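The values are calculated or read from the model by the stated rules, or taken from the named source; none is laboratory data. Keep in mind it's a predicted model, so treat the numbers as computed, not measured. Ideal geometry is used to build each Cβ from the backbone, glycine not excepted, and the neighbour counts take in all protein chains shown. Quick note on the areas: whole protein, heavy atoms, side chains included, nothing else; ligands and nucleic acids left out. Shrake-Rupley method; radii C 1.70, N 1.55, O 1.52, S 1.80 Å.
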Amino acid sequence: MLPINIRPDKLSAEMLDFSQKLSKGMENLLNAKPIDTGVSPKEAVYKEDKLVLYRYHALPDVPKKQIPLLIVYALVNRPYMTDLQEDRSTVKGLLATGQDVYLIDWGYPDQADHSITLDDYINGYIDRCVDYICHTHNLPSLNILGICQGGTLSLCYTALHGSKVKNLVTMVTPVDFKTPQDMLSAWVQHMDVNMCVDTMGNVPGELLNWTFLSLKPFSLTGQKYINMVDLLDDESKVQNFLRMEKWIFDSPDQAGETFRQFIQDFYQNNKLILGTLTIGEHEIALKNITCPVLNIYALQDHLVPPVASQALKNKTSSADYTELAFPGGHIGIYVSRKAQKDVTPAIGKWLNVRS
Amino acid sequence: MMDTPFGNTDWMELQRKYWQTWTDMGLKAMNQKNPGTLAWEGALDYWRQALTVNAPDVSKVLMDKLLDQSKLFMRLTDEFFRNANSNSTSGNMEDWLDTVQKTFANPFTGFIANSNEQTEVMRRMLAFWELPFDNWQRIVSSLALVPGDALFNIPHEQVKDKLQQVLSAPGLGYTREEQTQYQDLLRQGLQYQSTLRDYMQFFSSLGIKSAERMRLRLSELSTKGSTIESARELYDLWVSCCEDIYAEQVMTPEYAMLYGRLINSLMAFKHRMTTIVDESLGTLNMPTRAELRTLQDRLQETRRENKALRHDLETLRELVATLNIKHTNIDTDNAATAVISN
């Protein structure tokens, strides 16, 4: 006998309750307000091509630290995840610790940008943003917070331009791209990236989205919406959910040449950890990183397995290497209440001690 | 008057009553031994038609997803409890799991959405495992000049041999190169379709494994003395079993190969199509994609060089400015020394 004991009358009541919640929720959805994202006040201080460098306004009564912090976000998805809403904002948390926060918004590459390479991103865009900030503050170096793929780019940048990076924080950053739990890595091993890029030019955001959602298709494209029905009667939760949905499906296309190199060199050949990576004409050696490093990873990360980030340990020459494990997922590390309480203040504290 | 998108509370109230009536019908239907139609599902369809048309853009997509998934949840619930007796629903679960396994064992009678042979029961049951496949089809449609369904519907199995014969025939006459290209395009289309079938076959095998895992999990619960007391608990357990099996299987080398083949075959098809379009544009003396790429590459190279030169120029300017300051300071110092000496 199977352990299922659902009486028809109970089932009917449950379905009625579900239907009523759904109908009430639909009314809330009909009245949903336009979604706002990126809530903290900021100003665009530098622009180049589609890139915009933002500087966030300091919080009142919080003295600014001298060394500015540059956030380098991933090329996939949009950086407003770091400032999603008033009570779930990594940026706001950093401002609260006195950081002078800058953030790179990469924009949406189109077909005219398909020739942009990783060299252009790392030794071009990031370097010029760093120069701009250092020049503005009359400082030789700044702090960098690299997030996800942005963390990988930041590692490459720091390995090449170590004198300009005072402290480096990496967050859910893949370093070893061939760990056993890495589903994304397993999938792309037999993909003909040259054929993809030569055919499509840029790689469409929809394709990347499909890949990310395919990591957990039943939860991410099914169960999530059923669970949402329970929250639909709360207008603010509906608004939060819509905001998150907007972010999830707001995936910029990837510049073809960058995608080609990222998949081939990082995912297929794991060159970063093997020390055989070249960006432009420069060899990337993680051993060249000597500044203090804070490496943060999420224990339930389904995109970047913790072990893929932990691989950074002992790969740099930093005498001041710290790890922080967050008990949550790849997204929760920016937006969960626990992250607001534990992760962001920890970054601020770590930086303040060293700046 | 309440501020609704329709400007009329009566209309909303009417909709609510309408929904309630459908809900009541659903309740009645669930107490019948073999309800003829899925009243829940019908109610949702009407609800969708009435509401989503006037919904704000920000909500429209989410409403669609909520209604789709709610429908799926209701379908599954309906299947779980279709033949329930009046006192308990556990007895029919074994039957349900058996049916799932049998259905997945022969996926091409039920798994393919547009198969005429499938029964309604199978279709509803299998809809859940169509999720990954459906997601893929949406992507293909958004990427393709030819919608994904069109690619999928190329007649294959029935006329495979004849088609291969035609495709192997060499091109003749002035247009032989063009003929070869179109033959290759069709060949790539068939290759993609064949891979897509393998992909679906893979998922159907996962359906069987999920049912086995569900049996195991239920048995574990039984051993622990726990019981499932709601449709949602059962649904969550089914999702969890499917997700676990999926996670295990998509990490296998077999799936990695299949995934690569699926992407590569689609890209090969699109690549051939792009080449044909490019050649047509070329004959019309219009710019082709290949030419644009060459221009974009050259432009990017020039921009890269410009930016590097501008950076070097800026560095030199700063250096000159620094040297000038130093020079001025030296002159001033020399002048001061001269004054003191005098």
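Tell me whether the stretch A:103-110 contains one or more residues that are open to solvent by less than 10 Å² (accessible area, probe 1.4 Å) and in a strand (DSSP E or B).
Yes, the stretch A:103-110 has at least one match.
Return yes or no: is A:PRO3 within 14 Å of another protein chain (Cβ to nearest Cβ), at pLDDT below 95 and surrounded by 19 or more Cβ atoms within 10 Å (Cβ to Cβ)?
yes
Pairs only if they're at least six apart or on different chains, beta carbon under 9 angstrom, first in the stretch A:204-219 and more than 7 Å from every other protein chain (Cβ to nearest Cβ) and farther than 12 Å from A:ASN77 by Cα, second of a type in the set (Gly, Ala, Ser) and surrounded by fewer than 18 Cβ atoms within 10 Å (Cβ to Cβ); list them, first residue then second.
As it stands, the answer is A:LEU215/B:ALA247, since those pairs meet every condition given.
Could you give every pair whose Cβ atoms fall below 8 Å, whose first residue belongs to the stretch A:327-351 and is closer than 16 Å to A:TYR73 by Cα, and whose second residue is open to solvent by less than 10 Å² (accessible area, probe 1.4 Å) and among the hydroxyl-bearing types (Ser, Thr, Tyr), counting only separations of at least 6 or pairs across chains?
Pairs found: A:TYR334/A:THR82; A:TYR334/A:THR90; A:THR344/A:THR90.
Can you pull out the residues in the stretch A:134-155 that are open to solvent by less than 10 Å² (accessible area, probe 1.4 Å) and either over 21 Å from A:LEU95 (Cα atoms) or among the small types (Gly, Ala, Ser) (or both)?
Passing the criteria: A:GLY146, A:GLY150, A:GLY151, A:THR152, A:LEU153, A:SER154, A:LEU155.
For the stretch A:8-19, check the following and say yes or no: at least one residue is part of a loop (DSSP other than H, G, I, E, B) and at pLDDT below 95.
No - not one qualifying residue is present in the stretch A:8-19.
What residue, among those in the stretch B:174-198 that are surrounded by fewer than 17 Cβ atoms within 10 Å (Cβ to Cβ) and of a type in the set (Ser, Thr, Tyr), is farthest from B:GLN249 (Cα to Cα)?
Ranking the candidates gives B:TYR174 first.
Checking A:TYR121 against (1) open to solvent by 30 Å² or more (accessible area, probe 1.4 Å); (2) within 22 Å of A:CYS156 (Cβ to Cβ), only one condition comes out false. Which one?
(1) is the only condition that A:TYR121 fails.
Please indicate, with yes or no, whether at least one residue in the stretch B:260-283 is under 30 Å from A:VAL229 (Cα atoms), touching a residue at least 60 places away in the same chain (Cβ under 8 Å) and outside any loop (DSSP other than H, G, I, E, B).
no
How many of the residues in the stretch A:283-332 are in a helix (DSSP H, G or I) and either touching a Lys or Arg at 6+ places or on another chain (Cβ under 6 Å) or at pLDDT below 95 (or both)?
2
Identify the single condition in (1) in contact with a Lys or Arg (Cβ under 8 Å, 6 or more places away or on another chain); (2) of a type outside the set (Ser, Thr, Tyr); (3) in a loop (DSSP other than H, G, I, E, B) that A:PRO60 does not satisfy, given that it satisfies every other one.
A:PRO60 satisfies all of (1) in contact with a Lys or Arg (Cβ under 8 Å, 6 or more places away or on another chain); (2) of a type outside the set (Ser, Thr, Tyr); (3) in a loop (DSSP other than H, G, I, E, B) except (1).
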